[in-house]
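Q: Sending over a structure as structure tokens; questions will come in a sec.
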Amino acid sequence: MLARIEAKIALAKAFSSRTSGSATFIPAVRSLSSSDSAAAAAPFDLAVIGGGSGGLACAKEAAELGARVCVFDFVPPSPTRGTSWGLGGTCVNVGCIPKKLMHLAAGVGDTLRHAGAYGWQLDGGAPRHDWEALSGAVKQHVKSLNFGHRSQLMQRNIDYCNMLAKFEGYEGGTPDRPLLALSATNPKTGRSRRVLAANAVVAVGGRPSLPADVPGAAQLGITSDDLFWLPRSPGRTLVVGGGYVALECAGFLAGLGLQAEVMVRTDVCLRGFDRQMANLVVDFMRQH
């Protein structure tokens with residue numbers, strides 16, 4: 001809560017100079033179509049590049065303070081599976097949300113496997129998991145969140161552009177407050193747009209990568225960006241890495257009844273975490 005209050009104060013200070021004298025904020029035109037005619041509109045007070053948790057939070061707070069805001073967001077397809085997604089960033093599309101849903105599914109399976117010991121009778125024998133059904137449910141939930149984020153931007157009169165943006169330099173404004181010129185393009189549709197903004201926030205996040213010096217990695221490997229969107233079960237999976245993302249993925253894959261193995265460079269997993277707790281996690285995974 002304190003961080004949220006401090007962020008509001010910082011944004012208010014940043015935009016206070018824009019309201020001094022005769023300057024006023026211009027209400028944004030509600031738009032989800034990113035029409036080319038908007039390029040001729042008045043400059044934005046804030047341009048946000050990146051539609052993840054940080055970028056969206058910044059855009060919403062600025063809009064609540066009266067700023068005229070635009071958001072640029074586009075996800076290039078992953079190199080191996082061509083995976084792409086909508087508004088919301090890593091957490092919504094390939095992180096917290098789908099991971100927790102698949103972890104929950106794995107937990108349900110574990111409960112079913114032990115149900116007989118508690119008197120529950122399962123008709124048809126041992127439970128069998130349907131990856132395609134789970135994958136479809138996860139995708140539908142994620143897409144509903146994508147739509148919800150777009151609706152929230154529209155409700156706040158924030159202009160949303162599904163495009164890759166880049167800075168071109170300064171253009172217009174005053175000597176002490178020059179305006180930033182940004183150009184953006186959607187590689188899929190070829191549509192483009194150019195805007196001016198007094199301020200800009202870059203919140204593009206990061207994505208996992210495949211090692212270029214490992215033969216076959218680019219052809220046969222996938223990353224966590226792809227795993228949650230696979231239409232069919234990955235089957236036996238080798239998870240390379242000992243970080244929390246790797247162990248989370250290996251954990252729910254094993255919980256869904258798949259054979260999962262973890263390969264790490266050293267004997268230290270979850271580096272940076274409390275060692276006692278990290279060792280307990282590793283010991284539990286070895287036992288299961």
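The values are calculated or read from the model by the stated rules, or taken from the named source; none is laboratory data. The structure presented is a predicted model; accordingly, all values stated were derived computationally and were not measured. Every residue, glycine among them, receives a Cβ derived from its backbone with ideal geometry; neighbour counts consider all protein chains shown.
Q: Six or more apart or on different chains, Cβ atoms under 9 Å: show the pairs whose first residue is in the stretch 119-135 and touching a residue at least 40 places away in the same chain (Cβ under 8 Å) and whose second is basic (Lys, Arg) and assigned to a loop (DSSP other than H, G, I, E, B).
A: Here the result reads TRP131/ARG232; GLU132/ARG232; SER135/ARG232, each pair linking the stretch 119-135 to a residue that is basic (Lys, Arg) and assigned to a loop (DSSP other than H, G, I, E, B).
Q: For the structure I just gave you, tell me whether LEU101 is over 26 Å from GLY55 (Cβ atoms), in contact with a Phe, Trp or Tyr (Cβ under 9 Å, 6 or more places away or on another chain), of a type outside the set (Gly, Ala, Ser) and in a helix (DSSP H, G or I).
A: For LEU101, the condition - over 26 Å from GLY55 (Cβ atoms), in contact with a Phe, Trp or Tyr (Cβ under 9 Å, 6 or more places away or on another chain), of a type outside the set (Gly, Ala, Ser) and in a helix (DSSP H, G or I) - is not met.
Q: Can you pull out the helices (runs of 4 or more DSSP H) entirely within the stretch 190-288 that have at least 2 residues that are over 22 Å from CYS91 (Cβ atoms), without any contact (Cβ under 8 Å) to a residue 12 or more places away in the chain and touching a Gly at 6+ places or on another chain (Cβ under 8 Å)?
A: Passing ranges: none, list empty.
Q: Only one residue in TRP131, TRP120 is of a type in the set (Phe, Trp, Tyr), surrounded by 11 or more Cβ atoms within 10 Å (Cβ to Cβ) and under 30 Å from GLY257 (Cβ atoms). Which one?
A: Exactly one residue qualifies, and that residue is TRP131.
Q: I need the full set of residues from the stretch 165-180 which are in contact (Cβ under 8 Å) with a residue 24 or more places away in the chain and either outside the structural domain of LEU46 (by TED's automatic domain parsing) or at positive phi (or both), in order please.
A: Once the filter is applied, which keeps residues that are in contact (Cβ under 8 Å) with a residue 24 or more places away in the chain and either outside the structural domain of LEU46 (by TED's automatic domain parsing) or at positive phi (or both), the stretch 165-180 yields GLY172, GLY173.
Q: Going through ARG207, ARG236, ARG156, ARG150 one at a time, which residue ends up being over 23 Å from the mean Cα position of the chain (by Cα) and among the charged types (D, E, K, R)?
A: Within the list ARG207, ARG236, ARG156, ARG150, the selection yields ARG236.
Q: Another question, if that's okay. Anything in the stretch 80-96 that is under 9 Å from PHE228 (Cβ atoms) and assigned to a helix (DSSP H, G or I)? List them, or say none.
A: Passing the criteria: ASN93, VAL94.
Quick grid of which residues meet (1) modelled with pLDDT of 95 or more; (2) exposed (fewer than 12 other Cβ atoms within 10 Å of the Cβ); (3) under 27 Å from PHE147 (Cα atoms); (4) in contact with a Leu (Cβ under 7 Å, 6 or more places away or on another chain):
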{"residue": "ASN186", "(1), (2), (3), (4)": "yes, no, yes, no"}
{"residue": "ALA200", "(1), (2), (3), (4)": "yes, no, yes, yes"}
{"residue": "ARG207", "(1), (2), (3), (4)": "no, no, yes, no"}
{"residue": "ALA212", "(1), (2), (3), (4)": "no, yes, no, no"}
{"residue": "GLN219", "(1), (2), (3), (4)": "no, yes, no, no"}
{"residue": "THR237", "(1), (2), (3), (4)": "yes, no, no, yes"}
{"residue": "TYR244", "(1), (2), (3), (4)": "yes, no, no, yes"}
{"residue": "CYS249", "(1), (2), (3), (4)": "yes, no, yes, yes"}
{"residue": "PHE273", "(1), (2), (3), (4)": "yes, no, no, no"}
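Q: In the stretch 155-172, how many are surrounded by 14 or more Cβ atoms within 10 Å (Cβ to Cβ) and assigned to a helix (DSSP H, G or I)?
A: Result for the stretch 155-172: 0.
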